[in-house]
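A.B. asks: Quick one: the structure is below, and I'll ask about it shortly.
Readers should treat all values here as calculations from the given coordinates under stated rules, not as data from a laboratory. Just so it is clear, the structure is predicted and the values come from calculations on it, not from any experiment.
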Amino acid sequence: MRYKAGWLLQNHILALTHFEPVVTMEDFRNIAADAHMALQEATQPFHLLIDNRIIAERTVATLDSMLKALPILQHAHLRWVVVVLPEAVKETAAARQVERHGSIQLKFVDSLASAFQHLARNDDRIDEVAGMESSWSDWITWQDNPLAVGDEEKA
């Protein structure tokens, strides 16, 4: 498995994490298809969490480029896109401005924990960060891919 995409919290947080540092065109097509399938179920405001920690690419996509590449993301219920930047550029997260396109906002963060904190601060339906961390650990287990689990377990 090269990536995992799907509902981290059903109809609430759609997530994508990578297991390989290079995203191929086939990966991109498959991710788009998986997102399309998942978004058929979206009936309320939701967020997209993209975990790019192990991605080798140093170029960071803008919100406009993401929406052009994956038009399905221009979903009426999408609110926040939160991207955990690759290790090589994560120190730039704080300097990056929030980007907006209609009701969709993009926030870059430096860690999975920061992503969870941001979502909890911006969505009253999220009770606690610990619940998201637990969901992530259940969604991506150490056995599935040690590099994709939470920040505290990474080598």
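A.B. asks: Mind listing the Cα extents of the chain along all three principal axes, in Å, largest one first?
C.D. replies: Computed over the Cα atoms, the extents are 38, 36, 33 Å.
A.B. asks: Let me ask something else. Springs between alpha-carbon pairs under 10 angstrom, Gaussian network model over the chain: which of D124, D64, D34 fluctuates most?
C.D. replies: Fluctuation is largest for D124.
A.B. asks: Still on this structure, I have one more. Per-residue ellipticity at 222 nm for the chain, helices alone: DSSP H runs ≥ 4 residues times -39500 (n - 2.57), over residue total, nearest 500 deg cm²/dmol? Walk me through the numbers on the way to the answer.
C.D. replies: Working: 4 runs with 44 residues, N = 155.
Counting only the DSSP helices, I get -8500 deg cm²/dmol.
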